[in-house]
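What follows is a single structure, written as structure tokens, with notes after it.
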Amino acid sequence: MRPFSGGDCTKLVTCGINRLFVNREPWQVATITATTVLSTIWFWNFINQDESVWTRTKRRFFHLAKKIPAVQRKIEDEMARATKDFEGEMIKSCGDLSYALELPEKGLNKQQILQLVDEHLKISRYDWRDGRVSGAVYGFKEELVEIITQVYGKASYTNPLHPDIFPGVCKMEAEVVRMACALFHGNKDSCGTMTTGGTESIILACKAYRDFARENKGITKPNMVVPKTAHAAFDKAAQYFNIHINYVNVNPETTEVDLKAMKRAINCNTILLVGSAPNFPYGTMDDIDQIAALGLKYNIPVHVDACLGSFVVALTKEAGYAIKPFDFSVKGVTSISADTHKYGFAPKGSSIILYADKKYRDHQFTVTTDWPGGVYGSPTINGSRAGGIIAACWATMMNFGHDGYLEATKRIVDTSRYVERKIREIDSIFVFGKPATSVIAIGSKVFDIYRLSDALTQLGWNLNTLQFPSGIHICITDMHTNAGVADRFLNDLRSSVAEIMKNPGKPVEGKMAIYGVAQTIPDRSVVGDVTRCFLNSMYYTPPKK
């Protein structure tokens, strides 16, 4: 017997197809052929998408389940209750202040306006000036506020969209960028722009790399490889620019990105690798050196998010503390985002996005050449930009100078190391990973950590809440370096833990209980709907009587 050959296999397939179409009309042959081809294409597209089949199937299941009348009514009832609760909390937080629902018939005078402003600014339950808040306000000195107020007043109506009218403001922005490039060890080719905040800086970097990859590599279905601990602004950029995110897990002990997993997540459509210095949840720093090595190996840009670390992370080494390399001194790092309104101590609304080369910044720009209003070019998302913020940021940096920022870095990192060391001495709680600069994240394997968050809130402290896994963190600012603040926090932390440990198994109550339950909901779109209810409540005003 002769062996079975490839030609025999071809004959079998051919005969099978011929038998399938025997005695069929031409229209039937065409219909079957078209249906088979289209079905094959559909199936191929279904299994070859950025999201896994399991993720898409799960999302589809929950989408259909919510259309069941009983389920839909239940969700609507819960959303209505959440909306009512959020709106009630918002009204309550505003105290006895009345709402302006229409323009005043006659304009208010200066004294009336300033009195109302003071009343609005006094209603917070947290004393942020006394260092009771994690992050939020990173530095506050009366003499600097006086300078910034005068500078902003002088420049409040300027707009760098019109460089011919306001060239001085454009010069200030260029100097802010150049001074920042120097802090992050850029060279003569490094460049950047100012933005309104870290989110815009990150969004612009993603836009730049999407367009760069499309033009230079022909990538039309871009993805970026991002640690799960990276800032949510990357997700926002992905939603805006239709970039898929390949999320990478972190090491549960170090909370740094898993480099082997990051390497596996790279494919031919990857336009960007991301690392944090440090990340927001835990304050730990990814191994930027190794991420950059991956970028060089696969010819992929690498963005370092230093928004939270800002000038502190830039000066930590010079201040005498060990820190892993992360900036433009690392070959392969192509961009850095950093917030001047954090540890640059500038007023809110200023950040910087820096690039190693102008070829990347060119793709950040938006240019419209055929508009009847003329040729239009914009460096950032906004067209008109607040020249007052640019001038105030410039003035802050000029006022602090290198030595001023270095001294502030020493104070902040000193205090952070002290707080971290003392927290590690408290039984039944632990610190996530090894904080790189100023963020210290706390968890517990003994009790629900949200009970500690609630207890500290009752004592006037406002900390950030984390999830997956549950935790809280404190971001040390210059406010915490004032005499006695760190010890007050540590004393309240110790006493709160001691009180909780009298009954460690007690479940958390109130708002924190809701936060804990939210992590267990498998349909994350429901959590998203509740979040939208909260966001809407921020704009709630009572109906006109």
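Computed from the coordinates by the stated procedures, all read-outs in this text should not be read as laboratory data. Not measured: the values here are computed from a predicted model. Because the Cβ atoms are built from the backbone with ideal geometry, glycine has one as well, and the counts that use them run over all protein chains shown.
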**Item:** Using a Förster distance of 56 Å, the FRET efficiency for Gln112-Arg73 (Cβ separation, nearest 0.05)
**Value:** 0.70
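By average Cβ neighbour count within 10 Å, what is the ranking of 221-229, 138-146 from highest down? Working shown, then result.
Details: 221-229: 22.8, 138-146: 13.6.
Per-residue mean Cβ counts within 10 Å order the peptides as 221-229, 138-146.
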**Fill in**
Here FRET efficiency (C-beta to C-beta, Gln239 to Ile165, R₀ 41 Å, nearest 0.05) is 0.70
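Return an integer: the convex hull volume of the alpha-carbon atoms of region 79-218, in Å³ per residue.
On the way: hull volume 38.8 nm³, N = 140.
Once divided by residue count, the hull of region 79-218 is 277 Å³.
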**Prompt:** Which percent, nearest 5, of DSSP beta bridges in the chain are antiparallel?
**Reply:** 55 percent
**Message:** I'd like the orientation of helix 288-298 relative to the chain: the angle between its Cα long axis and the longest Cα principal axis, in ° from 0 to 90, rounded to 10.
**Reply:** 30 degrees
**Prompt:** Can you list the lysines whose alpha carbon sits under 28 Å from that of Lys171, skipping same-chain ones fewer than 8 residues off?
**Reply:** Lys141, Lys154, Lys188, Lys207, Lys342, Lys348, Lys358, Lys359
**Message:** Give the lysines whose C-alpha is closer than 26 Å to that of Lys84, dropping any in the same chain fewer than 8 places away, or say none.
**Reply:** Lys66, Lys67, Lys74, Lys92, Lys122, Lys511, Lys544, Lys545
**Fill in**
Calculated from DSSP helices alone, with each H run of at least 4 adding -39500 (n - 2.57) and the total divided by the residues of the chain, [θ]222 nm to the nearest 500 comes to -16000 deg cm²/dmol
**Request:** Measure nothing fancy, just the Cα-based angle from helix 167-183's long axis to the longest principal axis of the chain, in degrees from 0 to 90, nearest 10.
**Result:** 80 degrees
**Item:** Counting DSSP beta bridges with both ends in region 180-364, the antiparallel % (nearest 5)
**Value:** 40 percent
**Item:** Lys, Arg +1 and Asp, Glu -1 on Cβ, resulting dipole of region 180-364 about Cα centre, debye, nearest 20
**Value:** 460 debye
**Message:** For region 180-364, place one equal point scatterer on every Cα, skip the solvent, and apply the Debye formula. What is log10 of I(q)/I(0) at q = 0.19 Å⁻¹?
**Reply:** -1.34
**Prompt:** Where a Cα-Cα gap under 14 Å defines reach, which aspartates and glutamates qualify for Lys221, not counting those fewer than 8 residues away within the same chain?
**Reply:** Asp50, Glu51, Asp211
**Asked** Can you list, bin by bin at 20 Å, the percent of alpha carbon pairs in the chain, starting at 0?
**Response** 17, 47, 27, 7, 2, 0
**Prompt:** At a Förster distance of 22 Å, what's the computed FRET efficiency of Arg494 paired with Trp128, Cβ-Cβ distance as r, to 0.05?
**Reply:** 0.45
**Asked** Pairing the Cα long axis of helix 110-121 with the longest principal axis of the chain, what angle in degrees results, from 0 to 90 and rounded to the nearest 10?
**Response** 60 degrees
